[in-house]
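Chemist: Attaching a single structure in structure tokens format; questions to follow.
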Amino acid sequence: MQIVLTHRTAVVTGSTAGIGLAIAIGLARTGARVVITGRTQARVDQAIAEVKAQVPDAALSGVAGDLATPEGAAHLVQQVPDADILINNLGIFEPKGFFDIPDEDWQRFFEVNVMSGVRLSRHYAQGMAKRGWGRIQFVSSESGVQIPPEMVHYGLTKTAQLAVSRGLAETLAGTGVTVNAILPGPTRSEGVGDFFTKIAAEQGVPLEEVERDFIQTHRPSSLIKRLATVEEVANLSVYLASEQASATTGAAVRVDGGVVRSIT
């Protein structure tokens, strides 16, 4: 299968590192015009350089801003009024016990993980529907299905993304616009890598041991028995953005290494 997305513009939120950057690289390889987004211009510029290093002929642009705010979202759509592909990847996580999560953390997680995608989808989906083609994705998580007790607030936002994704797919039925959620499992992203590296340093053990212990203790149902790579997650995202995925919509597609013990 050869995926070609030339003449398509893709906006990837939270794309200066981790899964978002890997998706941006994957889409650039298909010929899509990719818009990199991040909180600071320095991070955006660095990400563009990283994509260029792997895809020298990539068509890239960047927009800096805080997409967790209405003002940040408005700035992005002002700079990039139309898009054919929207990857709602921006997200944060933080292990914290339920009784230690204050109201402001619940609100912050909802604004970043959910409302950023709601605002951008509300804008870009209308243009996609008028043109009769579009792809919208929400990067959710297996934590939206199996809520992790160590970060319930994160799990709640990932479940909310599944609801928004399905509801928007229903709203756009018959328009030629597909809407899907992808559910990564434990993935060696920048944020997760930094978290595990800190633990390894504190405990004085190799990073590989921390990762292995995490899978055994917290995700024992994993069938691959390891963290996924960001490229493995990006491969699914690129496929769902393709012409070939036109019959896949309203779905929650797992790339979780088999962590979720369900056949549905």
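FYI, it's all coordinate maths here, none of it is from the lab. The model shown is predicted, which means the values in this text are computed figures rather than measured ones. Positions of Cβ are backbone-derived with ideal geometry, glycine not excepted, and every protein chain shown enters the neighbour counts.
Chemist: For segment 32-48, does any single residue satisfy the condition of being within 16 Å of Ser237 (Cβ to Cβ), of a type in the set (Gly, Ala, Ser) and in contact with a His (Cβ under 9 Å, 6 or more places away or on another chain)?
Modeler: Among the residues of segment 32-48, at least one is within 16 Å of Ser237 (Cβ to Cβ), of a type in the set (Gly, Ala, Ser) and in contact with a His (Cβ under 9 Å, 6 or more places away or on another chain), which makes the answer yes.
Chemist: I would also like to ask the following. Among the residues of segment 127-146 satisfying the criterion of being of a type outside the set (S, T, N, Q) and within 16 Å of Ile182 (Cα to Cα), which is surrounded by the fewest Cβ atoms within 10 Å (Cβ to Cβ)?
Modeler: For segment 127-146, the residue satisfying everything is Val145.
Chemist: Select the helices (runs of 4 or more DSSP H) contained entirely in segment 164-264, then report the ones holding at least 3 residues which are under 21 Å from the mean Cα position of the chain (by Cα).
Modeler: Answer list for segment 164-264: 190-203, 230-240.
Chemist: Could you tell me which of the residues Val259, Val210, Val177, Val205 is under 27 Å from Trp106 (Cα atoms) and either surrounded by 15 or more Cβ atoms within 10 Å (Cβ to Cβ) or not basic (Lys, Arg) (or both)?
Modeler: Val259
Chemist: With respect to Ala68, is the statement that it is over 13 Å from Val11 (Cα atoms), within 17 Å of the chain's Cα centre (by Cα) and in contact (Cβ under 8 Å) with a residue 12 or more places away in the chain true?
Modeler: Answer is yes for this residue.
Chemist: For segment 70-88, check the following and say yes or no: at least one residue is surrounded by fewer than 16 Cβ atoms within 10 Å (Cβ to Cβ) and among the aliphatic types (A, V, I, L, M).
Modeler: So far as segment 70-88 goes, yes, one or more of its residues are surrounded by fewer than 16 Cβ atoms within 10 Å (Cβ to Cβ) and among the aliphatic types (A, V, I, L, M).
Chemist: Inspect all residues belonging to segment 141-157 and state whether any of them is polar (S, T, N, Q), in contact with a Lys or Arg (Cβ under 6 Å, 6 or more places away or on another chain) and under 20 Å from Met115 (Cβ atoms).
Modeler: yes
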